[in-house]
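As structure tokens, the structure follows; a few thoughts come after it.
The values are calculated or read from the model by the stated rules, or taken from the named source; none is laboratory data. Keep in mind it's a predicted model, so treat the numbers as computed, not measured. Using ideal geometry, Cβ is built from the backbone for each residue, glycine included, and neighbour counts are taken over all protein chains shown. For accessibility, only protein heavy atoms count, side chains too; no ligands or nucleic acids. Shrake-Rupley method; radii C 1.70, N 1.55, O 1.52, S 1.80 Å.
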Amino acid sequence: MSWHPQYRSSKFRHVYGKAASKDKCYDCVPITHSVHDNHFCAVNPHFVAVVTECVGGGAFLVIPIHQTGKLDPHYPRICGHKGNVLDIKWNPFNDFVIASCSEDATVKIWDIPKHLLTRNITNPKKELLGHARKVGLIEWHPTAENILFSSGYDYKIMIWNIDTREAVISNPVKTLDAHKDVILSMSFNTDGSLLATACRDRKIRVIEPRSGTVLQEASYKSHRVNKVLFLGNMKKLLSTGTSRWNNRQIALWDQNDLSVPLVEEDLDGSSGLLFPFYDSDTNMLYVVGKGDGNIRYYEISPEKPYLNYLTEYHSHLPQKGIGMMPKRGLEVSACEIFRFYKLIPTKSLIEPVSMIVPRRSESYQEDIYPLTTGAQPALTAQEWLNGINKGPLLVSLRPGSGNVDSLPQYLEPEPRLKTTDRYQGRGEATAPAETQKKSEIQDSGKHLEVRERLPKKDQTHLSNGFDVFECPPPKTENELLHMFYRQQEEIRRLREVVNQRDVQIKQMELELRNLHMVMGMY
């Protein structure tokens, strides 16, 4: 075991984990008993999805993020697979689309309705057929839209373009067959130009996914790898596994030289798998053990000693799987920098655990919230297949800086905004010199009208306490109080929005008055 220095200067030195209260957990959830080594949980700002027990096939639950408390035993499921579901992943660019893979050798794409589910969903949006054996892992491309990777027990990785009209896709756009055994883990670098894999043959490979070329291969025998992870733009890989003495171990690698790890660190002698999670915004690494109750976290630095231990979150409840909330779903007002969703099958419970930086100020903390990955794709599927690489589109998490959520594809702009096009058309029809100034006034009025109407679109995403999807009816007194406080916060925020609009209206009135004065001079 390595020795950790007691003192080190870091803004994340005092990060602590805070488990949610009982009324903010998801209770009575029938979590799967599968022994497959996977997360079994996927989270986005709208839903929590979890693989569940099902007789006669595979199924998973999709629960609205605010529907905490006890789950109805007859709650509808997504149950179209004929075998156990092994992995689920939300589309990073559409919060209402989820992919699942199963022991029935298929991958299915599902559309999740925005309203509360009232019946089981059995018909997928798309079905991907190509693997000869069960499919154990799926990963969405981090920057290209509608590109999905799947790996199966046939030792193959298949690349799918789901941006097609066919409901059943039988031919992947590319098949990677560089592996001689089962793939245990897949991870992309920031722009998705490289794919790292961990295989049961104990080798780490770095692959160029479009050509299938293996760029680097590690065959370091002192570290038996289970999971591998790209560390953002640091050009490093992190792997978890076991040492030759069967101690759980993490190792840090240079992605351009996999002959010997930069750092090896033994953790303990437990047998549970280690799941690594990396936050590229804060350079923090979280290591979650299957069957453990604790979460270790480190800070990664580009120079030696590279791996800096911070501290550990302790809990007596062991987790079977874990989910992670994307950055755009965090509560920045509470200085929350990461959020886990622990699956605790012994209690049939999903417990959120927030990682918080202690700060006294209630204002937005820019130093811990740099620009982060947004919910809009940087590339289309065809652009990426043609060889283009682009980094993710970044957004600010500052409240009021803009909508960072991804929208379902069927959501359209407000119909009334289209009327401004008709008025614009009229203005273009009256284009003589005398009326040109009038058209300018109409244009400025039009912009004012659009600015006034835009908040109405935003309000469709606000929780007003009566939207069944955003906030179901309260069942207990605690839930009622929680809803009351949420409404108070919502009212305060809406007042700020109204004040901002009033300022904008006054500015537009001044601009109109100036235009009238200019016209009067001529």
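So is residue 84 open to solvent by less than 10 Å² (accessible area, probe 1.4 Å) and either modelled with pLDDT under 95 or at positive phi (or both) or not? Before you say what the answer is, go through the steps one by one.
Numbers: open to solvent by less than 10 Å² (accessible area, probe 1.4 Å): no; either modelled with pLDDT under 95 or at positive phi (or both): yes.
In short, no.
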(message) Whether any residue in the stretch 280-302 is open to solvent by less than 20 Å² (accessible area, probe 1.4 Å), acidic (Asp, Glu) and in contact (Cβ under 8 Å) with a residue 40 or more places away in the chain is what I want to check.
(response) no
(message) residue 175 - would you say it is β-branched (Val, Ile, Thr), open to solvent by 50 Å² or more (accessible area, probe 1.4 Å) and in a loop (DSSP other than H, G, I, E, B)?
(response) no
(request) Find all pairs meeting these conditions: Cβ atoms under 8 angstrom apart; at least six residues apart or on different chains; first residue within the stretch 75-96 and farther than 25 Å from residue 35 by Cβ; second residue open to solvent by less than 10 Å² (accessible area, probe 1.4 Å) and in a strand (DSSP E or B). (result) 91/97; 91/98; 91/99; 95/47
(message) Any residue in the stretch 221-246 that is over 14 Å from residue 187 (Cα atoms) and in a strand (DSSP E or B) sitting within a Cβ distance under 7 Å of a residue that is of a type in the set (Asp, Glu) and open to solvent by 10 Å² or more (accessible area, probe 1.4 Å)? List the pairs, counting only those 6 or more apart or interchain.
(response) 223/264; 243/266
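If a residue must be of a type in the set (A, V, I, L, M, F, W, C) and touching a residue at least 60 places away in the same chain (Cβ under 8 Å), how many such residues does the stretch 177-209 contain?
Going residue by residue through the stretch 177-209, those that are of a type in the set (A, V, I, L, M, F, W, C) are 178, 182-184, 186, 188, 194-196, 198-199, 204, 206-207.
Okay, now just the ones that are also touching a residue at least 60 places away in the same chain (Cβ under 8 Å), so 184, 194.
Total meeting the criteria: 2.
Using the structure shown, decide if residue 311 is in contact with a Lys or Arg (Cβ under 9 Å, 6 or more places away or on another chain), of a type in the set (Ser, Thr, Tyr), more than 24 Å from residue 205 (Cα to Cα) and in a loop (DSSP other than H, G, I, E, B). Show your work before the answer.
Details: in contact with a Lys or Arg (Cβ under 9 Å, 6 or more places away or on another chain): yes; of a type in the set (Ser, Thr, Tyr): yes; more than 24 Å from residue 205 (Cα to Cα): yes; in a loop (DSSP other than H, G, I, E, B): no.
In short, no.
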(request) Scan the stretch 345-356 residue by residue and report those that are open to solvent by 10 Å² or more (accessible area, probe 1.4 Å) and within 10 Å of residue 19 (Cβ to Cβ). (result) 351, 352, 354
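Name the single residue, out of those in the stretch 39-58 being more than 15 Å from the chain's Cα centre (by Cα) and open to solvent by 20 Å² or more (accessible area, probe 1.4 Å), that is nearest to residue 290 (Cα to Cα). Outline the logic, then answer.
First pass over the stretch 39-58, keeping only residues more than 15 Å from the chain's Cα centre (by Cα): 51-58.
Next cut, open to solvent by 20 Å² or more (accessible area, probe 1.4 Å) only: 53-56.
Details: 53: 19, 54: 22, 55: 25, 56: 27 Å.
Result: 53.
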(request) List every residue pair whose Cβ atoms lie under 8 Å apart, where the two residues are 6 or more positions apart in sequence or sit on different chains, the first residue falls within the stretch 476-497 and is under 16 Å from residue 66 (Cα atoms) and in a helix (DSSP H, G or I), and the second residue, located anywhere, is open to solvent by 80 Å² or more (accessible area, probe 1.4 Å) and at pLDDT below 80. (result) 487/464; 490/464
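Would you say residue 276 is in contact (Cβ under 8 Å) with a residue 40 or more places away in the chain and farther than 28 Å from residue 354 by Cα?
Spelling it out, it is not the case that residue 276 is in contact (Cβ under 8 Å) with a residue 40 or more places away in the chain and farther than 28 Å from residue 354 by Cα.
Can you name the residue in the stretch 331-344 that is aliphatic (A, V, I, L, M) and open to solvent by 20 Å² or more (accessible area, probe 1.4 Å) and is also farthest from residue 25 (Cα to Cα) among such residues? Lay out the reasoning, then the answer.
Initial filter on the stretch 331-344 (aliphatic (A, V, I, L, M)): 332, 334, 337, 343-344.
Next, from what is left, pick out any that are open to solvent by 20 Å² or more (accessible area, probe 1.4 Å): 332, 334.
Working: 332: 20, 334: 18 Å.
Step by step, filter the stretch 331-344, then rank; the result is 332.
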(request) Just one of (1) modelled with pLDDT of 95 or more; (2) open to solvent by 40 Å² or more (accessible area, probe 1.4 Å); (3) not aliphatic (A, V, I, L, M) trips up residue 220, so point out which. (result) (1)
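Okay, residues lined up against (1) among the hydroxyl-bearing types (Ser, Thr, Tyr); (2) in contact with a strand residue (DSSP E or B) (Cβ under 8 Å, 6 or more places away or on another chain); (3) farther than 26 Å from residue 64 by Cβ:
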| residue | (1), (2), (3) |
| --- | --- |
| 79 | no, yes, no |
| 83 | no, yes, yes |
| 111 | no, yes, no |
| 118 | yes, no, no |
| 129 | no, yes, yes |
| 136 | no, yes, yes |
| 145 | no, yes, no |
| 166 | no, yes, yes |
